[in-house]
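A.B. asks: Let me begin by handing over the structure; questions about it come next.
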Amino acid sequence: GKGLAVFTSGGDSQGMNAAVRSVVRMGIYLGCKVYFIREGYQGMVDGGDNIEEANWSSVSSIIHKGGTIIGSARCMEFIKKEGRLKAAYNLVSRGITNLVVIGGDGSLTGANLFRQEWSSLLDELLENNKITKDQREKYKFLHIAGMVGSIDNDFCGTDMTIGTDSALHRIIEAIDAIVSTAYSHQRTFIMEVMGRNCGYLAVVTALASEADFVFIPEAPPSVDWKDKLCDKLEQERRSGQRLNIIIVAEGAIDREGKPITAELVKKVVVDNLQQDTRITVLGHVQRGGSPSAFDRILGCRMGAEAVMALMEATPETEPCVVSLDGNQAVRLPLMECVRRTKAVSQAMADKNWDLAVQLRGRS
Ligand code: F6P
């Protein structure tokens, strides 16, 4: 059977295990020899026990677990050519020429670069007598399929990344808990949520929790935001609301690009309104715990599709990312999606907020 390996890379997210499980079982079902690569790219570089053959039962009882049972890492060695050469050797010596990568845009970009270099890496291994001519010939094509595992929903091309739905559940549960204590004490709470430079988690949870205000990176507020915020909070209190909830995305910024932190918002509220105000930073709670039903099924569907994409690949097939479009699993050109994702960050860096919002909307 064909050699196929699956690994998770970058920040973990709920639902990654469902995806790993699905890749392993679909791979075995289609006659592949399937491997886990532990600890992301680091395990691929280090080889040894990090690359282990998987069987049907090695992925039993993992679908309900958060995180990733095969570990994940941010790897510096893979960024260097020597690291990638070691990784190529570790794959070829096991007959692995099909890779499923589950990670964010950085991890997917790394996989694409690896594929582009594959031929020259094999040439170098052959020159150094690390592999035989037969191996050079037999394993000359590397196929790649990606899936986006991230709670941030920050990838262009897919409606939902694996983990986002679970993170939303976790945040909503936390806000509901905060609301009850805020109500008792007539307090204002500022909740900081994750999302790096993507405001998706903040916007959706703000809408779903009836928050009074939300700050996100893609659409900084107008320069008079402090007045607007205070007017809004006051107005809600006047109309009988006993509490206020403000959601701040961790990457929130103002129009000059300066951070709008939970501390800053608290100062504005306390200085102007003298409201009893507290901050809750949700942090990694959002990324942990068991995956929602949606993320489990999403991981399963994406994993199966990724394996099918690899099995159907020809030498000319470009690396794909398996995405959710409507309710369909689709295969999209990996690098085009990465380019679109980077365009959002660029628009934000250029302070072109209209474009940033427009590009996010299209993602
Ligand atoms: O990308 C996922 C994410 O959780 C972001 O929302 C957050 O900014 C970042 O990872 C945190 O990274 P780390 O786990 O390395 O602290």
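A.B. asks: I'd like to check something: does the stretch 264-284 contain any residue that is assigned to a helix (DSSP H, G or I), within 26 Å of the chain's Cα centre (by Cα) and over 14 Å from PHE213 (Cα atoms)?
C.D. replies: Yes, the stretch 264-284 contains a residue that is assigned to a helix (DSSP H, G or I), within 26 Å of the chain's Cα centre (by Cα) and over 14 Å from PHE213 (Cα atoms).
A.B. asks: Now a separate question. Under the condition of being away from the ligand (no atom under 16 Å from the Cβ) and either surrounded by 21 or more Cβ atoms within 10 Å (Cβ to Cβ) or among the hydroxyl-bearing types (Ser, Thr, Tyr) (or both), which residue from the stretch 244-259 is farthest from PRO217 (Cα to Cα)?
C.D. replies: Initial filter on the stretch 244-259 (away from the ligand (no atom under 16 Å from the Cβ)): 244-246, 254-258.
Filter again for either surrounded by 21 or more Cβ atoms within 10 Å (Cβ to Cβ) or among the hydroxyl-bearing types (Ser, Thr, Tyr) (or both), leaving 244-246.
Details: ASN244: 21, ILE245: 18, ILE246: 15 Å.
The qualifying residue farthest from PRO217 (Cα to Cα) is ASN244.
Matching residues to (1) among the acidic types (Asp, Glu); (2) modelled with pLDDT of 95 or more; (3) under 26 Å from CYS337 (Cβ atoms):
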| site | (1), (2), (3) |
| --- | --- |
| GLU117 | yes, yes, yes |
| LEU122 | no, yes, no |
| LEU125 | no, yes, no |
| PHE141 | no, yes, yes |
| GLY149 | no, yes, yes |
| THR164 | no, yes, yes |
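A.B. asks: Being of a type outside the set (A, V, I, L, M, F, W, C) and touching an Asp or Glu at 6+ places or on another chain (Cβ under 6 Å) is the filter; apply it to the stretch 59-74 and report the residue that is nearest to the ligand (Cβ to nearest atom).
C.D. replies: This residue is SER72.
A.B. asks: Select from the stretch 173-229 the residues that are in contact (Cβ under 8 Å) with a residue 12 or more places away in the chain and of a type in the set (Lys, Arg) and write down the one among them that is nearest to the ligand (Cβ to nearest atom).
C.D. replies: Among residues in the stretch 173-229 that are in contact (Cβ under 8 Å) with a residue 12 or more places away in the chain and of a type in the set (Lys, Arg), the one nearest to the ligand (Cβ to nearest atom) is ARG196.
A.B. asks: Restricted to the stretch 30-58, and to residues that are touching a strand residue (DSSP E or B) at 6+ places or on another chain (Cβ under 7 Å) and of a type in the set (Gly, Ala, Ser), which residue is farthest from the ligand (Cβ to nearest atom)?
C.D. replies: Of everything passing the filter in the stretch 30-58, ALA54 is farthest from the ligand (Cβ to nearest atom).
A.B. asks: Has the stretch 145-155 got any residue that is more than 16 Å from the ligand (Cβ to nearest atom) and surrounded by fewer than 23 Cβ atoms within 10 Å (Cβ to Cβ)?
C.D. replies: Looking through the stretch 145-155, none of the residues is more than 16 Å from the ligand (Cβ to nearest atom) and surrounded by fewer than 23 Cβ atoms within 10 Å (Cβ to Cβ).
The values are calculated or read from the model by the stated rules, or taken from the named source; none is laboratory data. Treat the numbers as computed from the prediction; the structure is a model and nothing was measured. Cβ: placed from backbone, ideal geometry, glycine included. Neighbour counts: every protein chain shown.
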